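Asker: Let me give you the structure first, and then I'll get to my questions.
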Amino acid sequence: MNQTEKALIDIAYPYWELEAEIARRFFRSQPSKEKHTFWLKAQLWKELHPVDGYFSGLHMELKKIVAMFPEVDKTVDRHQYHFLMEQMTQEFNHYVLQADILEHLLGHSIGPDDTFQLAEEKQLGNVRRKYVAGTKVQKAAVLVTEGGGARLFREGRKLKGTPLARRIAAAMDVIYRDEKDHYKQAAQQAAACVKTKRDLATMGKAIREISLQRVLMRNEMFQTGMAMKELKQAVEKYRR
């Protein structure tokens, strides 16, 4: 990891740890069935509709992969194509694992109407798209923020005790192992776009804005009730 990659990770790090704190607060509060149902419905929407300019939702990404197939070993490298297929399988499995938990909670089969987009999630998409439509440096910044450093899944995999807690932990463990190193790859790709100190400052500003909006999204998802002032103070606590 070079110095630019480390600098980008350091900018995002306190926001990732704040996402972790929000998750810990929720899971330690002995949440009701209704609260578990709420966050799962919101999370499942995210799994199916991660639209930020890089990734356009499972349906659209699958259509792209199908359209690319005739070009394998022509204009499309077969190894890259295989990677894309594996990535899609992983992403859909993350949806399946969490949907199974929601189905267990509800006691019936679920469908599209059992998921919803939260207001802060909608705003997160707006912020991401703003930067994706900007300069090359701004667009690359979005990569560093993707997934929040897998902190939700890191915390969720630690759960023990009730059958529900163990179900969540098992699903989170799979997702965490799939995603725990994504931030390193993202930082490497983003750092390649940084040529000057101004580029680094521009990317840092974008990472902070997107990451703060991710925190607001998690705050709403887990109904933590942390005010903006408390959230910003917590960011400073985790800064390194």
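Taken together, the values in this text are just the output of simple stated rules run on the coordinates, not laboratory data. Since we're looking at a predicted model, the values are computed, not measured. Here the Cβ positions follow ideal geometry from the backbone for every residue, glycine too, while neighbour counts run over all protein chains shown.
Asker: Show me, for segment 2-14, the HN-Hα J-couplings you get by feeding each phi into the Karplus relation (A = 6.51, B = -1.76, C = 1.60, θ = phi - 60°), rounded to Hz, glycine and proline as x.
Answerer: Running phi through 6.51 cos²θ - 1.76 cosθ + 1.60 with θ = phi - 60° gives 8, 5, 5, 4, 4, 4, 5, 5, 4, 5, 7, 3, x Hz.
Asker: To continue, here is another question. Of D73, D173, D100, which is the most mobile in a GNM of the chain whose springs link Cα atoms less than 10 angstrom apart?
Answerer: D73
Asker: Using alpha carbon centroids, what distance separates segment 80-147 and segment 1-22, in Å?
Answerer: 20
Asker: Something else about it: In the Gaussian network model of the chain, springs joining C-alpha atoms below 10 Å, which of G134, G147, G125 carries the largest mean-square fluctuation?
Answerer: Highest fluctuation among the options: G134.
Asker: So, one more: If you take the Cα atoms of the chain, find Rg, then find the Kirkwood Rh from the mean of 1/r over all pairs, what is Rg/Rh?
Answerer: The Rg/Rh ratio comes out at 0.97.
Asker: Regarding segment 50-191, what's the average projected area of the Cα-atom convex hull, expressed in nm²?
Answerer: Averaging across all directions leaves 10.3 nm² for the Cα convex hull.
Asker: Greater than 31 Å separation of Cα atoms is the criterion. Which listed pairs, K74/K130; K41/K180; K41/K136; K41/K195; K122/K229, meet it?
Answerer: K74/K130; K41/K136; K41/K195
Asker: Would you tally the net charge around Q87, using a Cβ to Cβ cut-off of less than 10 Å, leaving Q87 out, and scoring K and R as +1, D and E as -1?
Answerer: Overall, the nearby charge balance is -4.
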